[in-house]
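Notes follow the structure.
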Amino acid sequence: MTPEGVYVRIWDYMAKPEARAEFENFYGPGGEWVQLFGRSKAFLRTDFFRDRDAENHYLTIDYFSSKAGFDDFMRELRQEYEALDRRCDGVTDSEKEIGTFIALGGSVLRAGA
């Protein structure tokens, strides 16, 4: 981890009801996004959540050791990122980036350790 803190990206998704299993295969633990991110030395983990009251509603939280590390990942693997993003087009009704954050005080590492 760098002095700037862990870089966190949070996304909100509504999966198509008929494509929930495929959505989970793309975005869930061990899914294709996690595999792609795992090619980066800066990738720490992805947390994956389904809304307990709305079964098609999901959140992902991606953790990278730094913003610079994420930027390096995007520079090196942008084409693969964009290709996977296109492959995922048919499994969601909506997706929205909630935002990017810096985790302060190392809490992310303690919580996920």
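The values are calculated or read from the model by the stated rules, or taken from the named source; none is laboratory data. Quantities reported herein were computed from a predicted structural model and do not represent experimental measurements. Cβ coordinates were reconstructed from backbone atoms using ideal geometry, including for glycine residues, and neighbour counts include every protein chain displayed. Just the protein is used for accessible areas: all its heavy atoms, side chains included, with ligands, DNA and RNA removed. Shrake-Rupley method; radii C 1.70, N 1.55, O 1.52, S 1.80 Å.
Excluding same-chain neighbours fewer than eight residues apart, the lysines reachable from Lys96 by a Cα-Cα span under 17 Å are Lys16. Ordering Ala103, Phe26, Tyr13 by Cα displacement along the dipole of the chain toward the positive end leaves Ala103 in first place; charges were set at the Cβ atoms of Lys, Arg (+1) and Asp, Glu (-1). Relative to the dominant Cα principal axis of the chain, helix 67-87 is inclined by about 20°. Around the amide H of Thr92, modelled in the peptide plane, lie the amide H atoms of Lys16, all under 5 Å away and 5 or more residues distant in sequence or on another chain. Computed with a 1.4 Å probe over protein heavy atoms only, the accessible surface of the chain comes to 59 Å² per residue. Computed over protein heavy atoms with a 1.4 Å probe, the carbon and sulfur contribution to the accessible area of the chain reaches 49%.
What does a probe at Asn25 reach in segment 73-89, counting residues whose amide N is under 14 Å from the point 7 Å along Cα→Cβ? Once the point is set 7 Å along Cα→Cβ of Asn25, 87-89 turn out to lie under 14 Å by backbone N, inside segment 73-89. For the peptides 9-17, 57-65, the ranking by mean Cβ contacts within 10 Å, running from highest to lowest, is 57-65, 9-17. Model label sites at Asp47 and Asp72, defined 7 Å from Cα along the beta-carbon direction, differ in position by 2.5 nm.
A probe of 1.4 angstrom, applied to the heavy atoms of all protein chains, finds Phe49 with accessible area near 100 square angstrom. The dipole here belongs to the chain: it is taken about the Cα centre, uses +1 on the Cβ of Lys and Arg and -1 on the Cβ of Asp and Glu, and is about 420 debye.
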